[in-house]
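What follows is a structure written as structure tokens; I'll ask about it next.
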Amino acid sequence: MDKNKQQTVSSGLYLVSTPIGNMEDITFRSLNVLKKSNIILCEDTRRSGKLLSYFQIKNKLLSYHKFNEKKICSTVIDSIKKDKVVSLISDAGTPTISDPGLILVNKCIDENLSVHPIPGPSAVTSAVSVSGFSDQYLFYGFLTKKENELDKVLKSLCNLDYSIVFFIPASKINFYISKFKDYFFDRKILIAKEMTKIHEDFIRGKVASIKVLSENLKGEFTVVISEKNKEKNIQKEINESVKIEIKKMLKKYSHKDVVEFITKKENLPKKIVYDFCLKLKK
């Protein structure tokens, strides 16, 4: 790249996107800004240190994460006011997207200081682009681990006719898949693992039939749920004959077994059958 054509980097905050796996995905502009930064804020200095070392960047690294961002925010603001160039990077991808930085960005806005996006790699758009699902999508990010709160969230999301993107810890993937089967029964799913890396893998299928994954998985997955399935005529109500069958079955079989059997036999969403069984139990 012609150095004379590089963008002038003036004082302010720069949100610099970094590779989600493959080092070659970083942009020329990202490297230019990082090299000209007086301070580079990062979640993990060891991890970001490897990235900067790879590109022979030796600028000052300052730890900035969810546990200290409020504490050091004022120091960063003072540096920008002194005409310093400050960059914010996350461990991977685009800063502030399910990562620290929102507090600092809003503080800069309040102080009328410049904030510049330096676009680049994003797990969200990468996963959506290869999903085959609608490009009208909702990015949710990380889901709560508390089951009662999770049910409320998924109940509201399942009524939206968009593709939906989640970040999910690998260790919790099977827990969330089981919940998706309750709320997104008739949709498709893409589970993106190790995107852009050597062992990149995409697991595709129907939410209703996706299998349990290995228990030894590490890292984070990007999961995309498809828009509503308009091709298949999924029943939304339980007819009276099926209700009678459920009542009889509950006298002999467990709640769980009845839900599984009726769901598959009648092509009904699991949540509807579950709620009806629960109502009978009460």
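Could you list Leu34, Leu51, Leu160, Leu62 so that the one with the fewest beta carbons within 10 Å of its beta carbon is first and the one with the most is last?
Ranking Leu34, Leu51, Leu160, Leu62 by Cβ neighbours within 10 Å, fewest first, gives Leu160, Leu62, Leu51, Leu34.
To continue, here is another question. So which GluC sites (Glu not before Pro) in the stretch 7-113 are both in a DSSP loop and have at most 15 other Cβ atoms within 10 Å of their Cβ?
Working: sites: Glu24, Glu43, Glu69, Glu111; in loops: Glu43, Glu111.
Passing sites in the stretch 7-113 are Glu111.
Counting only other residues whose beta carbon sits under 10 Å from that of Gly132, what net charge do I get with K and R as +1, D and E as -1?
Values: positive: Lys188, Arg204; negative: none.
Summing Lys/Arg as +1 and Asp/Glu as -1 gives +2.
Same structure, new question: Along each of the three principal axes of the Cα atoms of the stretch 124-225, give the extent in whole Å, ordering the values from largest to smallest.
The principal-axis extents, from largest down, are 37, 30, 23 Å.
Related question: Among Phe185, Phe28, which comes first, then next, by fewest other beta-carbon atoms within 10 Å?
Working: Phe185 21, Phe28 11.
Ordered from fewest to most neighbouring Cβ atoms within 10 Å, Phe185, Phe28 come out as Phe28, Phe185.
Moving to a separate point now. Taking the number of other C-beta atoms within 10 Å as the exposure measure, put Leu157, Leu52 in order starting with the fewest. Spell out each step's value before the answer.
Numbers: Leu157 17, Leu52 20.
Sorted ascending by nearby Cβ count, the order is Leu157, Leu52.
Additional query: Pulled fully out, how much extra length does the chain show between Lys281 and Lys155, if you take 0.36 nm times their separation in residues and subtract their Cα-Cα distance?
Result: 43.2 nm gained on full extension.
Give me the Å³ per residue figure for the convex hull around the C-alpha atoms of the chain.
On the way: hull volume 45.7 nm³, N = 282.
Cα-based convex hull of the chain, divided per residue, equals 162 Å³.
Here is a further query. Measure up Lys50/Lys218; Lys50/Lys71; Lys84/Lys145 against 28 Å on the Cα-Cα distance and list the ones that go over. The partial results should precede the final answer.
Values: Lys50/Lys218 20 Å; Lys50/Lys71 26 Å; Lys84/Lys145 40 Å.
From the list (Lys50/Lys218; Lys50/Lys71; Lys84/Lys145), the Cα-Cα distance tops 28 Å for Lys84/Lys145.
Still on this structure, I have one more. Tell me, what is the percent relative contact order of the stretch 138-282, built from C-alpha pairs under 8 Å that lie six or more residues apart? Intermediate values should be presented prior to the final figure.
Working: 189 pairs, mean separation 34.9, N = 145.
Reported as a whole number, the value is 24 percent.
Now, a different point. Need the full-extension length gain, Asp91 to Val130, defined as separation in residues times 0.36 nm minus the C-alpha distance. One decimal, nm.
Numbers: separation 39, 0.36 × 39 = 14.04 nm, distance 2.27 nm.
Full-extension gain reported as 11.8 nm.
Rounded to the nearest 5, what % of DSSP beta bridges with both residues in the stretch 11-121 are antiparallel? Don't skip to the end; give the middle numbers.
Values: 1 of 16 bridges.
Expressed as a percentage, antiparallel bridges in the stretch 11-121 total about 5.
Ok, one more. List the chymotrypsin sites (Phe, Trp or Tyr not before Pro) in the stretch 246-282 that DSSP assigns to loop (not H, G, I, E or B) and whose Cβ has at most 16 other Cβ atoms within 10 Å. Which are they?
Loop-located and lightly packed - Tyr253.
So what is the 222 nm mean residue ellipticity for the chain from helices alone, if each DSSP H run of at least 4 adds -39500 (n - 2.57) and you divide by all residues, rounding to the nearest 500 deg cm²/dmol?
Rounded to the nearest 500, it is -11000 deg cm²/dmol.
Read-outs: derived from the displayed coordinates by stated rules, not from any lab. These numbers were taken from a predicted model, which means no experiment stands behind them. Positions of Cβ are backbone-derived with ideal geometry, glycine not excepted, and every protein chain shown enters the neighbour counts.
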